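Some notes on the structure that comes next.
No value in this document is a laboratory result; all are computed from the given coordinates. The structure presented is a predicted model; accordingly, all values stated were derived computationally and were not measured. Every residue, glycine among them, receives a Cβ derived from its backbone with ideal geometry; neighbour counts consider all protein chains shown.
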Amino acid sequence: MAAEDRFRRQARATWSSGNWDRFSQFLLPVERVVLERAELRPGMSLLDIGTGSGTAVAIPAAGRGVEVVGVDVTPELLDLGRGYAAEAGVAVRWLEADAQSLPFADGAFDRVVSTFGAMFAPDHARAARELVRTIRPGGRGLMTTWVAEGFFGELFALTSRYLPPPAGIGTPPQWGREDHVRRMFGAHGAAPEIEHGSVDYDFPSLAEAVALFGAEFSPVVMTRSVLEPQGRWAAFRDELAALIARFDQAPSGGGASVRADYLLITLDRTASRE
């Protein structure tokens, strides 16, 4: 448990660094797909795990007349969410909570959603259990994860080579493998449907892409804060640049367009445990 607590504190520090709120706007095309698949109706209840500032799922869902609870381990992002919800004129309940131990009753929500959030919980089995547990019978869960062999899966693998996680801690790229997804949810009686999608990250140039990741993408910002004093940041930055170049879909067009593949996981409670 001590290793998990350290990892959780590190997660809070990571996602409060950089500018995740702005960088997350790249994900809006994915989150529109999630909202569509959620098939929301006024009066439904929705739990958004790893909500961040809520701009992607929690606030748009509340705007559709849904009763929304947004949870995250990073209070700074929740504070932003409160301000955005007030500006939008919608009601969202914001709560600092861990995807591995959600403070809700079994079957509490019609929809339980996590877009690139629960995949960062250190204990994958517990995160999967909590997501399934909080879906009401007849309800639906939706989770997105980065494909292990895709850009972000390889970026997190690169980070782990420079900053290895504690022993026994699950890593985000594992959630990008279909067999792992099926094993995690299958252990809790759920039969996930898995689809593949992709989203493009467009930058003015390769150099600006590297600079933006180093200044705003929270996991890389945190990595930089550790490696720079050790004199190891330049080596990481060079590997990051090579990784971006490898996934660049427009290498001769003057800009850089990085394609990131993801899994869209659907859990219908009617097809899971009762």
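Miscellaneous remarks
- Electrostatic dipole magnitude of the stretch 196-274 [Cβ: Lys, Arg +1; Asp, Glu -1; Cα centre; debye, to 20]: 220
- Expressed in Å, the radius of gyration and Dmax of the Cα atoms of the stretch 116-251 are 16.9, 54.
- A Gaussian network model of the chain, with springs between Cα atoms under 10 Å, assigns the largest mean-square fluctuation among 87, 130, 67 to 87.
- Length, then width, then depth: along the principal axes, the Cα atoms of the stretch 35-189 run 44, 33, 26 Å.
- Neighbour-count ranking [beta-carbon atoms within 10 angstrom, fewest first] of 188, 196, 124: 196, 188, 124
- Label-to-label distance for residue 76 and residue 95 is 2.5 nm, based on points extended 7 Å past Cα in the beta-carbon direction.
- Max mean-square fluctuation residue, GNM over the chain, Cα-Cα springs under 10 Å, options 226, 57, 69: 226
- Efficiency of FRET from Cβ geometry, residue 249 and residue 162, R₀ 25 Å, rounded to 0.05: 0.45
- Here the stretch 1-117 is treated with +1 on each Lys and Arg Cβ and -1 on each Asp and Glu Cβ, and its dipole about the Cα centre works out to around 160 debye.
- Binning the C-alpha pair distances of the stretch 3-95 at 10 Å intervals from 0 yields a P(r) profile of 17, 48, 28, 7, 0 %, listed from the shortest bin outward.
- For the stretch 108-186, taking Cα atoms only, Rg and Dmax work out to 13.3, 44 Å respectively.
- For the chain, the dipole from Cβ point charges (+1 on Lys and Arg, -1 on Asp and Glu) about the Cα centre works out to 480 debye, to the nearest 20.
- For the chain, the C-alpha radius of gyration divided by 2.2 N^0.38 Å, with N the number of residues, is 0.98.
- For the peptides 198-205, 228-235, the ranking by mean Cβ contacts within 10 Å, running from highest to lowest, is 198-205, 228-235.
- Long-range tail of P(r) for the stretch 204-272 (Cα pairs > 19 Å, %): 46
- Residues 115, 14, 51 in ascending order of nearby Cβ atoms (within 10 Å, fewest first): 14, 115, 51.
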